[in-house]
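Trainee: First, the structure itself, so that you have it in front of you.
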Protein chains: 2
Amino acid sequence: MEFMLQLLFTMAVLFVVSRIGSVAVSRFGLPGLIGEIVMGVIIANVTIGDWSLFSFLDITIPGPGQEMSEGSHVYTVIKVFSELGVIFLLFTVGLETNVKDLLGSGRAAMLAAVLGVVLPFVAGLAIIMATDGNMNHALFMGAAMVATSVGITARIIKDMRLIDTREARIIIAAAVIDDVLGMIVLAIVKGVAGSGEISITDIITITLQAVVFVSGIIFVCKFIVPRIYNFFQRRHDAAVNAGKVPYSANKLVFAIIVCLIMAAFAEFIGLAAIIGSFLAGMLFAEHAWEWGLEQKMESITTFFISFFFLNVGFQVDIHAMTDVTIIIITLVIIAVALVTKFVGCGFGAKMGDKNLDKDGRNIIGVGMMPRGEVGIIVASIGLSSGAMSSELYAVVVLMSVATTIIAPPILSKLFRKKYKEEYTILGEDRI
Amino acid sequence: MEFMLQLLFTMAVLFVVSRIGSVAVSRFGLPGLIGEIVMGVIIANVTIGDWSLFSFLDITIPGPGQEMSEGSHVYTVIKVFSELGVIFLLFTVGLETNVKDLLGSGRAAMLAAVLGVVLPFVAGLAIIMATDGNMNHALFMGAAMVATSVGITARIIKDMRLIDTREARIIIAAAVIDDVLGMIVLAIVKGVAGSGEISITDIITITLQAVVFVSGIIFVCKFIVPRIYNFFQRRHDAAVNAGKVPYSANKLVFAIIVCLIMAAFAEFIGLAAIIGSFLAGMLFAEHAWEWGLEQKMESITTFFISFFFLNVGFQVDIHAMTDVTIIIITLVIIAVALVTKFVGCGFGAKMGDKNLDKDGRNIIGVGMMPRGEVGIIVASIGLSSGAMSSELYAVVVLMSVATTIIAPPILSKLFRKKYKEEYTILGEDRI
């Protein structure tokens, strides 16, 4: 069992390394994933003489365009863990996407989400078309700039106890809609990039497919799932009334099965696996809390996801970052990523809710800026399908990290400005 | 990403299959793992014409003595999942093994455990030495017959609400001691079988090693862990008192790291990985509940462990079971497995507690009979290190399944006989 020993050792080392990164950055109030990515970059790029942690751990990463199985066996397993981590992560995001809330969210959130998706997508697409000229690269850059990662903003809102403010409610609702739109954009981009030659007919077909798939699931959530649930609830009650011990299914295993089947199905029809697992999560969103699914999936995701963030870092070649063109593109992309969300979401919300003042508009614009993990996930799908260059992949990683670092301090300053009085009244001024 | 699609699909199919097996047998009051093993046997042995689920799912299992990497990539991942499942399963068993309770358990439990380990081990060893003659085979058979799986007995006790009876307390305590002794036996057997030539000096050295390792961990649990815990608790309290936000570590990740390191270390020094993870679990036992570790690890184990039980079935060649000698050995082993636990544990408990009546003695003897998963885990360690033949592996699987099926109905009959009055008083007679 030489291999298992090697694997256990490698897993332990990688866990320790990612934890060190995570704890280090969280001292500065940053989300742990940034530290994990940075540790991944360090591991992959630092060598001491002939020695590197990679050779020590027997990690060989297959080159761009190579099959996963071309790497070492240890790396194959790490890569599988990282893919499963992302699939389960998007499943838990889906678990938090309740269709009822989604359909009931106001005009302000809806407009903030739509404009906050369209602007970054178009801008990202245009910049890469103008510089690099490759349509596939441009499509994936656009898609990677779309997705808001609301986790960090939500934590600030929670820490500042501002969950009941109008801005907080709009941000949370807009982020949920943003996730769904982001999945549709990814589906379209992946379909278009996969089809080689790009025609208007193709784009329309793929867009229709993606929209039908996503709205089909929303329909199922709204009309079919409650019926199924009620059916089993009645059977359960009938069994209890008849004095029998009711059959109780293992909900976690059931949820995992549905998640895997939908992920495989989405991958099979040419969408990304994460789209399937995200939509699978939505199917369970209504009862996720009651069944304890979120907590249980969180434990499983915790196990797998660190490998993903490390692996994100593994793929970043810092030597590419010495190229002046790439540095300029990176800075432009970061600036545009910040501005398009600020304008799209801020003014979108203002259009939907005339009573929103300037501070409120700014809060929403800044709150929607962080891209976090989802942009990186999109880019890594592009990278492994060959539709994204490794240079632009590194740009996306830096853009995600930068937006996630820049937004939080501005956001808490804006919140403090607007809600100063509330804090003074409550005697809370340590924020 | 052809490979991920194949893998997701295979995982989904295997989850569905194992769930069907689990639900089917649980209708008869049997533990789900029996159904999962049976489904594994069916998948591996049933072909429809040229078609088999294995070829459909691209599962190729390496032959005996071959490296894990000789199988298909999909199987490598399944096998890794199954190994991790067992490692985490034994970690959770360790989490339930509180050293304080262990050291404070009474004479009855102690004697029941010791005799219940010595008798099956000697009998198993003797039978295989007499028939097969291979010392390694005999050692692993003895070790596989040692471990009690108390899960099924505990469930009966819980369902019958008899947790406060003297017999229930002795069984639970004896099973915990039994686990620790079982790990020592496994360590010795693995060490002796691995060293080729067997000398008395080797056996003594290895036994000392195993005893020192296990008692070292027990010492750490008793004297070092509380100090470490108190140190961090004081730091935490000091931070709170100083008005700072105390740093709070992610306990789950910390526990996983310790588990992986100790599993790798145990494997490295020639013990089994599960011995390391079991002892790692013991380190956290005191605070497992407080930190929610048991629940969190259960979710992770749920994900992995089904692959182990399926894989147990995969390795059972039913064609070998047509050999008359093997059938006779199987029946003898099953009978001896039942009798040795009945006598060893029953009379051991009686020796330790003179007030125990005949019914109580029988209850303890029968309650300790089920071998469940641990015997199979021991046998599969023997199989993959080449120290166990695949015929005898199948015998162990059948022995584990048989003891787990036979004991429960007898146990509930005995409990009902002894505690009839309690039930009549409570008006509970549906058991």
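The values are calculated or read from the model by the stated rules, or taken from the named source; none is laboratory data. The model shown is predicted, which means the values in this text are computed figures rather than measured ones. Here the Cβ positions follow ideal geometry from the backbone for every residue, glycine too, while neighbour counts run over all protein chains shown.
Trainee: Looking at region A:318-334, is at least one residue crowded, with 23+ Cβ neighbours inside 10 Å and within 9 Å of another protein chain (Cβ to nearest Cβ)?
Mentor: Looking through region A:318-334, none of the residues is crowded, with 23+ Cβ neighbours inside 10 Å and within 9 Å of another protein chain (Cβ to nearest Cβ).
Trainee: Being modelled with pLDDT of 90 or more and within 12 Å of chain A (Cβ to nearest Cβ) is the filter; apply it to region B:279-293 and report the residue that is surrounded by the fewest Cβ atoms within 10 Å (Cβ to Cβ).
Mentor: This residue is B:293.
Trainee: For residues that are within 16 Å of residue A:315 (Cβ to Cβ) and among the aliphatic types (A, V, I, L, M), scanning just region A:35-51, find the one that is nearest to the other protein chains (Cβ to nearest Cβ).
Mentor: Here the answer is A:39.
Trainee: Kindly establish whether residue B:366 is of a type in the set (Val, Ile, Thr), free of Cβ contacts under 8 Å to residues at least 60 places away in the same chain and crowded, with 22+ Cβ neighbours inside 10 Å.
Mentor: Yes; evaluated as a whole, the condition is true for this residue.
Trainee: If you don't mind, there's one more thing I want to ask. Can you tell me which condition residue B:54 does not meet? The list is (1) surrounded by 15 or more Cβ atoms within 10 Å (Cβ to Cβ); (2) within 14 Å of chain A (Cβ to nearest Cβ); (3) without any contact (Cβ under 8 Å) to a residue 40 or more places away in the chain; (4) of a type in the set (A, V, I, L, M, F, W, C), and all the others hold.
Mentor: Every listed condition holds for residue B:54 apart from (2).
This table checks each residue for (1) in a helix (DSSP H, G or I); (2) touching a residue at least 40 places away in the same chain (Cβ under 8 Å); (3) closer than 20 Å to residue A:95 by Cβ.
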position: A:164; (1), (2), (3): no, no, no
position: A:183; (1), (2), (3): yes, yes, yes
position: A:189; (1), (2), (3): yes, yes, no
position: A:206; (1), (2), (3): yes, no, no
position: A:215; (1), (2), (3): yes, no, yes
position: A:218; (1), (2), (3): yes, yes, yes
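Trainee: Something else about it: Would you be able to say whether some residue in region A:57-80 is within 10 Å of chain B (Cβ to nearest Cβ), assigned to a loop (DSSP other than H, G, I, E, B) and under 30 Å from residue A:156 (Cα atoms)?
Mentor: Within region A:57-80, not a single residue is within 10 Å of chain B (Cβ to nearest Cβ), assigned to a loop (DSSP other than H, G, I, E, B) and under 30 Å from residue A:156 (Cα atoms).
Trainee: Additional query: Determine whether region A:251-266 contains at least one residue that is at the interface with chain B (Cβ under 9 Å from one of its Cβ atoms), under 22 Å from residue B:23 (Cα atoms) and in contact with a Leu (Cβ under 6 Å, 6 or more places away or on another chain).
Mentor: yes
Trainee: For residue A:122, all conditions in the list (1) under 21 Å from residue A:34 (Cβ atoms); (2) part of a helix (DSSP H, G or I) hold save one; what is the number of the exception?
Mentor: Only one criterion is unmet by residue A:122, namely (1).
Trainee: Restricting attention to region A:18-34, and to residues there that are of a type in the set (A, V, I, L, M) and surrounded by 19 or more Cβ atoms within 10 Å (Cβ to Cβ), which single residue is farthest from the other protein chains (Cβ to nearest Cβ)?
Mentor: A:34
Trainee: Taking region A:158-168 as the region of interest, how many residues are at pLDDT 85 or above and out of contact with any Asp or Glu (no Cβ under 9 Å at 6 or more places or on another chain)?
Mentor: Result for region A:158-168: 1.
Trainee: Select, from B:225, B:212, the only residue that is at pLDDT 85 or above and over 26 Å from residue B:381 (Cα atoms).
Mentor: Among B:225, B:212, only B:225 is at pLDDT 85 or above and over 26 Å from residue B:381 (Cα atoms).
Trainee: Please state which one of A:310, A:338 is within 14 Å of chain B (Cβ to nearest Cβ), more than 30 Å from residue A:223 (Cα to Cα), within 18 Å of the chain's Cα centre (by Cα) and aliphatic (A, V, I, L, M).
Mentor: Residue meeting the stated conditions: A:310.
Trainee: From the list A:151, A:106, A:124, exactly one residue is away from every other protein chain (no Cβ under 14 Å), buried (at least 23 other Cβ atoms within 10 Å of the Cβ) and not hydrophobic (A, V, I, L, M, F, W, C). Which is it?
Mentor: The unique qualifying residue is A:124.
Trainee: Please tell me if residue B:90 is of a type outside the set (Asp, Glu) and surrounded by fewer than 19 Cβ atoms within 10 Å (Cβ to Cβ).
Mentor: no
Trainee: Additional query: I'd like the residue in region B:372-385 that is of a type outside the set (A, V, I, L, M, F, W, C) and more than 8 Å from the chain's Cα centre (by Cα) and, out of all such residues, is surrounded by the most Cβ atoms within 10 Å (Cβ to Cβ).
Mentor: This residue is B:382.
Trainee: Yes or no: region A:221-235 includes at least one residue that is closer than 23 Å to residue A:96 by Cβ and either within 9 Å of chain B (Cβ to nearest Cβ) or not in a helix (DSSP H, G or I) (or both).
Mentor: no
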